[in-house]
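Take a look at the structure below.
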Amino acid sequence: MSPAFISGISEMLPNSKITYDKFHIVQHLNKAMDTVRKQEHKGNDSLKNHKYTYLRLKAMFLDIFQTKDSAEAKLHLTSWCDLAIRVGHSTIYKVCKFS
């Protein structure tokens, strides 16, 4: 969601909670991972076949949505973000902030 939307909701409806749906979070993740993959491929030919590394990271992220307990889901998300941040790319970090 855009920062303007979040700010407007917070201002106009201060007691409301913003909920991010799975579709939009995964859409954001797909764009981020595609951007990272393309940037790394351009800069280093040895990374040419690392598409599956990113797909595994995505699969791990989708597993979070299968968790029924919200506390456990938060723990899985934190662990996933720690792993994604270790990848060391700012685009992946933005997904963690979005989530």
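The values are calculated or read from the model by the stated rules, or taken from the named source; none is laboratory data. The model shown is predicted, which means the values in this text are computed figures rather than measured ones. Positions of Cβ are backbone-derived with ideal geometry, glycine not excepted, and every protein chain shown enters the neighbour counts.
Descriptive notes on the structure:
- Inside region 66-77, residues that are surrounded by 12 or more Cβ atoms within 10 Å (Cβ to Cβ) and either assigned to a helix (DSSP H, G or I) or in contact with a Phe, Trp or Tyr (Cβ under 8 Å, 6 or more places away or on another chain) (or both) make up a count of 5.
- Residue within region 78-86 that is in a helix (DSSP H, G or I), surrounded by 14 or more Cβ atoms within 10 Å (Cβ to Cβ), small (Gly, Ala, Ser) and at pLDDT below 80 present: yes
- Among the residues of this structure, SER16 does not count as one that is surrounded by 10 or more Cβ atoms within 10 Å (Cβ to Cβ) and either at pLDDT 85 or above or on the phi > 0 side of the Ramachandran plot (or both).
- Cross-chain or 6+ apart pairs with Cβ under 7 Å, region 1-16 first and more than 20 Å from GLN27 (Cβ to Cβ), then modelled with pLDDT of 80 or more and surrounded by 10 or more Cβ atoms within 10 Å (Cβ to Cβ): SER16/ILE9
- A Cβ distance below 8 Å, combined with a sequence gap of six or more or placement on separate chains, defines the contacts here; from region 60-79, residues that are in contact (Cβ under 8 Å) with a residue 40 or more places away in the chain reach residues that are assigned to a helix (DSSP H, G or I) and surrounded by fewer than 12 Cβ atoms within 10 Å (Cβ to Cβ) in the pairs PHE65/LYS22.
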